[in-house]
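Trainee: Here's a structure for you.
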Amino acid sequence: MSESKQITIAGAGLVGSLLSIYLSKRGHQVSIYERRPDARKNLLDGGRSINLALSDRGLQALAKVGLEERVLKEMAIPMYRRVMHDRAGNLSYQPYGKEGQAINSVSRAGLNMLMMDEAEKHGVQIHFSHAASEIDLDSAAAVFKNEEGQSKEVKGDFLFGADGAFSAVRSVMQKTDRFSYSQEYIEHGYKELEIPAGPNGEFLLEKNALHIWPRGSYMLIALPNPDASFTCTLFFPMDGDPSFASLDTTAKARAFFEKEFGDALNLMPNFDKDWEENPDSSLVIIRCYPWTRKGKVALIGDASHAIVPFYGQGMNAGFEDCFVLDRLMDEYGDDWSGLFEAYEKERKPDGDAIADLAMRNFVEMRDLTGDADFLLQKKIEGRFSEKYPDKWTPLYSLVTFSPEVRYSEALALGKRQDALMAEIMALPNIHQFWDSEEVEQKMLALAERL
Ligand SMILES: Cc1cc2nc3c(=O)[nH]c(=O)nc-3n(C[C@H](O)[C@H](O)[C@H](O)COP(=O)(O)OP(=O)(O)OC[C@H]3O[C@@H](n4cnc5c(N)ncnc54)[C@H](O)[C@@H]3O)c2cc1C
């Protein structure tokens, strides 16, 4: 057992809470300072349920602190497949993985609260309504201000910035020499809408699925909640036509939905209110390096790698940061400088890879899930990998269901697979004989080149 340390974490979001459990289980004294009030006492987001897809990387990290089963049992709704809705309301289907494999819809607030409860059980002190304002990177000391403007200086051995995409800890690191930083707002933003439960408390769309209305340059998605409602998210350009800017009245938005998402709109009795009250939110990609400073301060989760949400991996990647850090702690013992260096070196390529993968998946989801060639390609890959699991794992499965494969490895392999699949899809009449012996033999030959 390594020496017990005083550790300060800025941010009790998804990643900060999980990190605190990992650290306290190792015998460290952990204090978290969180800018917002305690969500367990104050219903945030006006009571709206906002959900996230939790998959194998996140589950692996929860399992290591004994929380996987509880989360799956108490709050997760497995989603086994994508259900695509076309403009006429016709449905098509695409399984996420092999039989029985699923991603899980969980409540963001519910999961966060469960982890905060668990953290406190392990002795973690969470100080709410305290925002990091000043940070001394050399000594890992920080000043946190409460809502009344009172300051509290906290001095520990180490400081983690788990304070999200607009991290205050990172903003201090940004002012140091040789700190690289980039921030990119993508053209699209998002707005949340709701499909409530039916009159008898029933789900009005297939429950165990992630629903997508792919429409080329934009899309609507819906994930199920335990109360039988669905949280829908419209990913849509911020400017141009159509865009949030061009749909500048509720009547225009409603008319647009009637044309584009008619079957969804029919299930949204509160559309007008949701459209008016729920914000148009931006989406940002943040990359930076280094993630640590002088063996005293480290960034984790969105503070070090904020990505767009289209692979459903932001939280999963942050949870994986905790998992990897914990594994490295076994190796490095009391050598925190070595630990932090190894952590950032290992995780940075994976943070970059999942950022790229997430943008690629946006194109796939909004554009291609309604495309016959794309669906056929996925069918051929799915069939082949089921028959020859050692020879081919589809990229989606590598990212989502294969935590033993790093994101950076998955991205590299995915690129090689794409090149090979382009050869298969270029075969004449592939739509007619995709399941023939000839295609299988060709796939076998190509798979040798992977
Ligand atoms: C629309 C959308 C959908 C998403 N869907 C998915 C999904 O399906 N699956 C998935 O894996 N990921 C998803 N994500 C990504 C996921 O939300 C993030 O990756 C995840 O929340 C990161 O957790 P975090 O703890 O690093 O940051 P956050 O969740 O942002 O938490 C940071 C915490 O720090 C606090 N804080 C901020 N500043 C300070 C300060 N100065 N001092 C103290 N505290 C501070 C904040 O109040 C917050 O509690 C989605 C993101 C978006 C925007």
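The values are calculated or read from the model by the stated rules, or taken from the named source; none is laboratory data. Keep in mind that what you see is a predicted model, and the values were worked out from it rather than measured. FYI the Cβ positions are ideal-geometry reconstructions off the backbone, even for glycines, and counts take in every protein chain you see. Accessible surface is based on the protein model in full, side chains and every heavy atom, while ligands, DNA and RNA are left aside. Shrake-Rupley method; radii C 1.70, N 1.55, O 1.52, S 1.80 Å.
Trainee: Is it possible to state the helix-based mean residue ellipticity at 222 nm for the chain, with each DSSP H run of 4+ residues giving -39500 (n - 2.57), the sum divided by total residues, to the nearest 500 deg cm²/dmol? What is it? Don't jump to the answer; show the numbers that get you there.
Mentor: Working: 15 runs with 175 residues, N = 450.
Using -39500 (n - 2.57) per qualifying helix, the result is -12000 deg cm²/dmol.
Trainee: Taking 8 Å as the Cα distance limit and 6 or more residues as the minimum spacing, I'd like the relative contact order of the chain as a percentage. Walk me through the numbers before you get to the answer.
Mentor: Details: 834 pairs, mean separation 82.2, N = 450.
The value is 18 percent.
Trainee: For Asn42 and Ser129 in the same chain, what is the full-extension length gain: residue separation times 0.36 nm, less their Cα-Cα distance, in nm? Provide the component values of the computation, followed by the final result.
Mentor: Values: separation 87, 0.36 × 87 = 31.32 nm, distance 1.18 nm.
Taking 0.36 nm per residue and subtracting the Cα distance, the gain is 30.1 nm.
Trainee: Would you mind checking which residues have amide H under 5 Å from Gly189's amide H? H placed 1.01 Å from N; only 5 or more apart, or other chain.
Mentor: Sorted by chain and number, the residues that satisfy this are Phe236, Met238.
Trainee: Residues of the chain: accessible area per residue at 1.4 Å, in Å²?
Mentor: On the way: 19390 Å² over 450 residues.
Result: 43 Å² per residue.
Trainee: Nearest 10 degrees, 0 to 90: what angle lies between the long axis of helix 437-447 and the longest principal axis of the chain (Cα atoms)?
Mentor: Around 30 degrees separate the two axes.
Trainee: Which residue fluctuates most in the GNM of the chain (Cα springs below 10 Å): Lys191, Lys252, Lys25?
Mentor: Taking springs between Cα atoms under 10 Å, the residue moving most is Lys252.
Trainee: Let me have the relative contact order for segment 371-447, percent, based on Cα pairs under 8 Å that are six or more residues apart. Write down the numbers at each step before the final one.
Mentor: On the way: 36 pairs, mean separation 25.4, N = 77.
Over segment 371-447, the number comes to 33 percent.
Trainee: Looking at segment 36-121, which GluC sites (Glu not before Pro) are in a loop (DSSP not H, G, I, E or B) and have at most 10 other Cβ atoms within 10 Å? Mind showing how you got there, number by number?
Mentor: Details: sites: Glu68, Glu69, Glu74, Glu99, Glu118, Glu120; in loops: Glu99.
Answer in residue order: Glu99.
Trainee: With every protein chain in place, what's the accessible area of Arg327 (1.4 Å probe, Å², nearest 10)?
Mentor: 90 Å²
Trainee: Considering only protein heavy atoms and a probe of 1.4 Å, how much of the accessible area of the chain is carbon and sulfur, as a whole percent? Before the final figure, lay out each step's value.
Mentor: On the way: 9150 of 19390 Å².
Result for the chain: 47 percent of the exposed heavy-atom area is carbon or sulfur.
Trainee: Still on this model: Quick one: putting +1 on the C-beta of Lys and Arg, -1 on the C-beta of Asp and Glu, what dipole do you get for the chain around its Cα centre, in Debye to the nearest 20?
Mentor: Working: 51 positive and 70 negative charges, 80 e Å.
So the dipole magnitude of the chain works out to roughly 380 debye.
Trainee: In degrees between 0 and 90, to the nearest 10, how far off the longest principal axis of the chain does helix 407-425 point, with axes built from Cα atoms?
Mentor: 10 degrees
Trainee: Specify which residue in the list Ile286, Met268, Ala255 is farthest towards the positive end of the charge dipole of segment 249-289, using unit charges on the beta carbon of Lys, Arg (+1) and Asp, Glu (-1), about the Cα centre.
Mentor: Selected residue: Ile286.
Trainee: Let me ask another. Taking +1 at the Cβ of each Lys and Arg and -1 at the Cβ of each Asp and Glu, which of Ser304, Asn361, Ala342 sits farthest along the dipole of the chain towards its positive end, judged by Cα position relative to the Cα centre?
Mentor: Ala342
Trainee: Another question about this same structure. Between Gln441 and Lys98, what is the FRET efficiency for a Förster distance of 25 Å, r being their Cβ-Cβ separation, to the nearest 0.05?
Mentor: Values: r = 23 Å, r/R0 = 0.91.
With R0 = 25 Å, the Cβ-Cβ based efficiency is 0.65.
Trainee: Using protein chains only and a probe of 1.4 angstrom, how many square angstrom of Asp280 are accessible, to the nearest 10?
Mentor: Probe radius 1.4 Å; accessible area of Asp280 about 70 Å².
Trainee: Before anything else, pin down the relative contact order of segment 59-159: Cα pairs under 8 Å, at least 6 apart, normalised by residue count, whole percent. Display every interim value, and only then the final one.
Mentor: On the way: 104 pairs, mean separation 15.5, N = 101.
Once divided by the residue count of segment 59-159, the mean separation gives 15 percent.
Trainee: From the protein chains alone at 1.4 Å, what is the descending order of accessible area for Ile195, Ile50, largest first? Display every interim value, and only then the final one.
Mentor: Numbers: Ile195 0, Ile50 30 Å².
I get Ile50, Ile195, largest accessible area first.
Trainee: May I ask for the angle, rounded to the nearest 10°, between helix 14-25 and the longest principal axis of the chain, with both axes built from Cα atoms and the value confined to 0 to 90°?
Mentor: 50 degrees
Trainee: While we're here: Points 7 angstrom from Cα along the Cβ direction at Ser139 and Ser217: gap in nanometres?
Mentor: Simple spin-label model gives 5.4 nm for this pair.
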